[in-house]
Amino acid sequence: MKRICRYLPILSLLLLCVPFASAQSSVDFMLGFGTAHDAANGGGLEGLDSVNALGSCTPGANSDGFCQSNPALGGFFLGIGGDVMLWKRFGIGAAADVQPARSNYGPLLYRQAFYDVNGIFRPVSTKRVVLQLEGGIGGAHTGFGINETGCVGTVVCSSAIEPVGSTNHFDIHAGVGLSLFVTEHIFIRPQFDIHYAPGLGGINNQFSSNVVPMGMVWVGYSFGDR
């Protein structure tokens, strides 16, 4: 949750819009869970015991035996988000999706996050079902670290993850979700998203493609009218 809290300032922008919303507007706050996928890029990193530690390498082509393959993107993502519908059909929203647990990236550990601010269009909005289309911009952040262990004598040992760098990419986002209201205010929204982080320094430097599909299930509470 500490990592998600880093992106709360994005959501606070939504609250500034609430006083300007019409009487027919609504405000939604959501927590979500799901996963994203991007294949491995086929590259590798030299292990920490190599004379070229953390240098680029090609798995299977290096003779020193220290080359470790870069992974595919996957695993569990946790999200926090919010929407403000300024009109019945149109509004704005923001969301942050982050891996709560680090995963192995060769000899490193990594954590992936996406954050976006979106425009929202709801072509269908009834008492029980809302179809939501959204698109916007934001960023894709990959943070890297090393797990370091230190001991005092042979009894007391501790470990900590030391950051060694991060990459940030411009992100274009599009998503479609279907909100199903189980009560007047509580809803469940399965949603499919596409994150596109392009350019020479795109997310394909860490994984295989600049296009990252994501599936999320959001649980939220809606204030106001629909």
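The values are calculated or read from the model by the stated rules, or taken from the named source; none is laboratory data. Being a predicted model, the structure only gives us computed values, none of them experimental. Every residue, glycine as well, gets a Cβ built from its backbone with ideal geometry; the counts of neighbours run over all protein chains shown.
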Looking at (1) under 25 Å from Phe114 (Cβ atoms); (2) outside the structural domain of Asn205 (by TED's automatic domain parsing), find the lone condition where Phe29 falls short.
(2)
Just to be sure I understand the filter: pairs with C-beta atoms under 7 Å, separated by 6 or more residues or on different chains, first member in segment 42-55 and in the same structural domain as Phe66 (by TED's automatic domain parsing), second member surrounded by 13 or more Cβ atoms within 10 Å (Cβ to Cβ) and polar (S, T, N, Q). Which pairs pass?
Gly43/Asn70; Gly44/Gln68; Gly44/Ser69; Gly44/Asn70; Leu45/Gln68; Leu45/Asn70; Glu46/Asn52; Gly47/Gln68
Test Ala96 against the stated conditions and say whether it is surrounded by fewer than 16 Cβ atoms within 10 Å (Cβ to Cβ) and hydrophobic (A, V, I, L, M, F, W, C).
no
Which number in (1) more than 30 Å from Leu180 (Cα to Cα); (2) in contact with a Gly (Cβ under 8 Å, 6 or more places away or on another chain); (3) surrounded by 17 or more Cβ atoms within 10 Å (Cβ to Cβ) marks the one condition that His141 misses?
(2)
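Of the residues Ser50, Ser12, which single one is part of a helix (DSSP H, G or I), polar (S, T, N, Q) and modelled with pLDDT under 95? Write out each step before concluding.
Details: Ser50 fails: part of a helix (DSSP H, G or I).
Checking each option against the conditions leaves just Ser12.
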Acidic (Asp, Glu), touching a helix residue (DSSP H, G or I) at 6+ places or on another chain (Cβ under 9 Å) and under 16 Å from Ala95 (Cα atoms) - does that describe any residue in segment 169-189?
yes
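Scan segment 193-210 residue by residue and report those that are more than 13 Å from the chain's Cα centre (by Cα) and of a type outside the set (Ser, Thr, Tyr). Give the derivation first.
Here is the first cut: in segment 193-210, the residues more than 13 Å from the chain's Cα centre (by Cα) are 198-202, 204-210.
Result: Pro198, Gly199, Leu200, Gly201, Gly202, Asn204, Asn205, Gln206, Phe207, Asn210.
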Hydrophobic (A, V, I, L, M, F, W, C), modelled with pLDDT under 90, surrounded by 14 or more Cβ atoms within 10 Å (Cβ to Cβ) and in a strand (DSSP E or B): which single residue out of Ile194, Ile172, Ile161 fits that description?
Ile161
So Ala61 clears everything in (1) assigned to a strand (DSSP E or B); (2) not assigned by TED's automatic domain parsing to the domain that holds Gly175 except one condition, right? Which one?
(1)
